[in-house]
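Student: One structure coming up, written as structure tokens, with questions to follow.
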Amino acid sequence: MNILVVDVGGTHVKVLATGQKVRRQIDSGKRLTPARMVSAVRKLTADWDYDFVSIGYPGPVLKNQPAVEPWNLGKGWVGFNFQKAFKCPVKIVNDAAMQALGSYRHGKLLFLGLGTGLGTALIAEGQVIISMELAHLPYRSSTFEDHVGLRGLEKYGKKKWRKYVADVTARFIAAFEPDEVVLGGGNARLLKKLPPLCRAGNNEHAFLGGLRLWNPKHGSRHVSATPAPKAKKIITQHKREITTRK
């Protein structure tokens, strides 16, 4: 099974395929429509063999289709026929969900993408992908994204931003009870110390996630989603602290 993975971003569109070791990329931006993207990717990968395509899309995805037009790309993504354009089967997921799937090791994984916004996804047993739009839910005076996304970093500065990241992470851990948390996205590198139960993500995991869309067991182990003792202890602690803050 040869798979082409397409990671669509606001600055670049990155591609990698089964059997290839070096990724390739094209420029992205406000003028990039889906038709232009597909045309450019097909030219860029003309010497690669693939039978299936996985696309990580920077926005909500519903029933294997973009549900909302991206704010940082051109128009026409909603309703576009990617399968017809690529001339092969295509699977589309939110870009945070694809990176989360590639980051998965065992049990239940919560992924938080600290980039321009806040990407959130939950992986259970390596087969269930839940892409969650938590970024715009109320938090303090505005939303989660306004505090831990790029706007929050620029508004509050690194020191206060790190405190908000720690608090938001603790709240999500208490709510979703994961075995572990992956903090990905470009701004995760600005954290001096990772919160308990967390490990650093890697944007390259998006490509592994694209492979796992077609083969859920690719490189993963089947482990019970019941939180491990260490995770249970941290979850209980966060719940107690959040209740006290209320």
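Student: Show the residue pairs meeting these rules: Cβ distance below 8 Å; 6+ apart or different chains; first residue within segment 18-33 and assigned to a loop (DSSP other than H, G, I, E, B); second residue of a type in the set (F, W, Y) and surrounded by 15 or more Cβ atoms within 10 Å (Cβ to Cβ).
Tutor: T18/Y50; Q20/W48; R23/F207; T33/W77
Student: On to the next question. So is A40 touching a residue at least 40 places away in the same chain (Cβ under 8 Å) and either more than 22 Å from the chain's Cα centre (by Cα) or in a strand (DSSP E or B) (or both) or not?
Tutor: no
Student: Taking into account only those residues within segment 180-192 that are over 15 Å from I234 (Cβ atoms) and at pLDDT below 95, which is least open to solvent (accessible area, probe 1.4 Å)?
Tutor: Going through the qualifying residues, I end up with G184.
Student: Just need a number here: residues in segment 43-63 that are at pLDDT 95 or above, exposed (fewer than 15 other Cβ atoms within 10 Å of the Cβ) and in a loop (DSSP other than H, G, I, E, B).
Tutor: 4
Student: Sort through E145, E177 and tell me the only one that's of a type outside the set (G, A, S), on the phi > 0 side of the Ramachandran plot, under 19 Å from the mean Cα position of the chain (by Cα) and buried (at least 18 other Cβ atoms within 10 Å of the Cβ). Before you say what the answer is, go through the steps one by one.
Tutor: Numbers: E145 fails: on the phi > 0 side of the Ramachandran plot.
Only one candidate passes the filter, namely E177.
Student: Tell me which of these W71 doesn't satisfy, since it passes every other one: (1) farther than 20 Å from G201 by Cβ; (2) at pLDDT 95 or above; (3) surrounded by fewer than 16 Cβ atoms within 10 Å (Cβ to Cβ).
Tutor: Result: W71 fails condition (2) only.
Student: Only one of (1) touching a Gly at 6+ places or on another chain (Cβ under 7 Å); (2) open to solvent by 10 Å² or more (accessible area, probe 1.4 Å) fails for E154. Which number is that?
Tutor: With (1) touching a Gly at 6+ places or on another chain (Cβ under 7 Å); (2) open to solvent by 10 Å² or more (accessible area, probe 1.4 Å) applied to E154, the lone miss is (1).
Student: Kindly provide the set of residues from segment 93-142 that are more than 9 Å from the chain's Cα centre (by Cα), of a type in the set (S, T, Y) and under 17 Å from R199 (Cβ atoms), ordered by number.
Tutor: Passing the criteria: S103, Y104.
Student: Scan segment 151-208 residue by residue and report those that are acidic (D, E) and assigned to a strand (DSSP E or B). Full working, then the answer.
Tutor: Within segment 151-208, the first condition is being acidic (D, E), and the residues that meet it are 154, 167, 177, 179-180, 204.
Answer for segment 151-208, where residues must be acidic (D, E) and assigned to a strand (DSSP E or B): just E180.
Student: Let me ask something else about it. Looking at segment 17-35, which of its residues are touching a Gly at 6+ places or on another chain (Cβ under 8 Å) and either surrounded by 16 or more Cβ atoms within 10 Å (Cβ to Cβ) or closer than 17 Å to G210 by Cβ (or both)?
Tutor: S28, L32, P34
Student: Could you say whether any residue in segment 116-139 is without any contact (Cβ under 8 Å) to a residue 12 or more places away in the chain and of a type in the set (D, E)?
Tutor: no
The values are calculated or read from the model by the stated rules, or taken from the named source; none is laboratory data. Bear in mind that the values here come from a model prediction, so they are computed numbers and not experimental data. Note: ideal-geometry Cβ built from the backbone for every residue, glycine included; neighbour counts use all protein chains shown. These area figures cover heavy atoms from the full protein model, side chains too; ligands, DNA and RNA do not enter into them. Shrake-Rupley method; radii C 1.70, N 1.55, O 1.52, S 1.80 Å.
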